[in-house]
Every structure is written in structure tokens, then in C-alpha cells.
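Reviewing the structure listed below.
The values are calculated or read from the model by the stated rules, or taken from the named source; none is laboratory data. Since the model is a prediction, treat every value here as computed from it, not as a measurement. Cβ sites come from the backbone with ideal geometry, for glycine too, and all protein chains shown count toward neighbours.
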Amino acid sequence: MSGTRSDGELLRAIAADSDRHAFEELYRRYAPWLTARLRGRCADPAVVDDVVQETFLAVWRGSAARYRETTENGAHADAAGWLWRIGSRRLVDAVRGDGARGRLRQALARLRHRDEVSAEERVLAGVEHGDLAGALVRLSPELRAVLQATVIDGLTTREAAVLLGIPPGTVKTRALRARKRLREELA
């Protein structure tokens, strides 16, 4: 095939034909980016490497068939964002020690609500755009990481401390500072 295939073309080839070459191309395109992004959220490189592998394994085993190039409102879907959602959920499972049990619960929940957009997806879409997005971008990376772990990912203080490689007291302090700054910016 001449030229570089789009993300959508690669995912369709993986879903329809188990195209190994398409999978390899997708992996080369996104694995380094996903690894770097997850390493910003987890202090343990071994956990990050496992999560990246699990993410792409999920794509190979059938998640590619669920990728939609457009969202319900007709906007263009982003493969990187879609992979990030899979990877970040896998990271939360890994940090919580939930492993396969948590993935099974998630799979069953998805089967029950296939065509529904989750509340989390609606909130995350709102976070990416608007006043909150700007306020979050202006936070320091340390404060933003704590909010991401505790609010968006729903981790406990102890789980966030393990994920970020900092003491639980530091997580609490940063969360308080972040919330205060957000309140000031959004007031």
C-alpha cells in the first residue's frame, strides 16, 4: 500500500482482518507517546511498560472494532485520545491491583451499555474544552497530576501517592492547593 495509512484505516484493518502490519504500524506510531504520557503519571517504569503492552493487546483482541472515527455529535474522534482512555484505565487497574477482575467488570459494563456515552467520557470531553481546561493548563504539573489521579481517575490518596511516587500527605496538600487555585481562577 502506498503512503501512510490513517489511524482509522489502521484500526479498521486490525478489526476486520487482524492485519499484523497495521497493528505494528499503529504500535510504532503511538507506543512511545503512550509510554511517555503514562510515565508522567506513574513512577514505576515496569508498571508503565506492562500497561502499554496491555493497552495494545486490548486493541488487538477486539477493541479496534469499537473505535469510531466520529463522535455522537459528529466531531472527528482522536485515536490518541481513544488509546489514552484505554491505557489510563489499565493504569488505574494496575495501581489498584485490580488486574483481570477489574477488566472483567469493565467489559461486562460495556456490554450492558454499548451505545451509551459514559458520564466519565462526557466530563472528560468538557475538561478538554472551556474554562476548566484553561484553568487546569495553568496549574503546575505537580498540582495537575494530583488532580488527575484523585479526581479524574478516582484514586484514593494512598493510591495516588503510589502512582505519583510521593507521600500521601503531599498528595493531600497538593490537592488542597490545586482546588484553591481552580476556585480562584473560575470565580
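Quick notes on this structure:
- If you filter the range 1-18 down to residues that are among the small types (G, A, S) and out of contact with any Asp or Glu (no Cβ under 6 Å at 6 or more places or on another chain), you find that the one that is modelled with the lowest pLDDT is S2.
- Within the range 145-160, being closer than 15 Å to L38 by Cα and without any contact (Cβ under 8 Å) to a residue 24 or more places away in the chain holds for one residue alone: A160.
- Options V52, V48: the member that is touching a Cys at 6+ places or on another chain (Cβ under 6 Å) and not hydroxyl-bearing (S, T, Y): V48
- Scanning the range 55-82 for residues that are crowded, with 18+ Cβ neighbours inside 10 Å and either in contact with an Asp or Glu (Cβ under 7 Å, 6 or more places away or on another chain) or in a helix (DSSP H, G or I) (or both), we see that the one that is modelled with the lowest pLDDT is A64.
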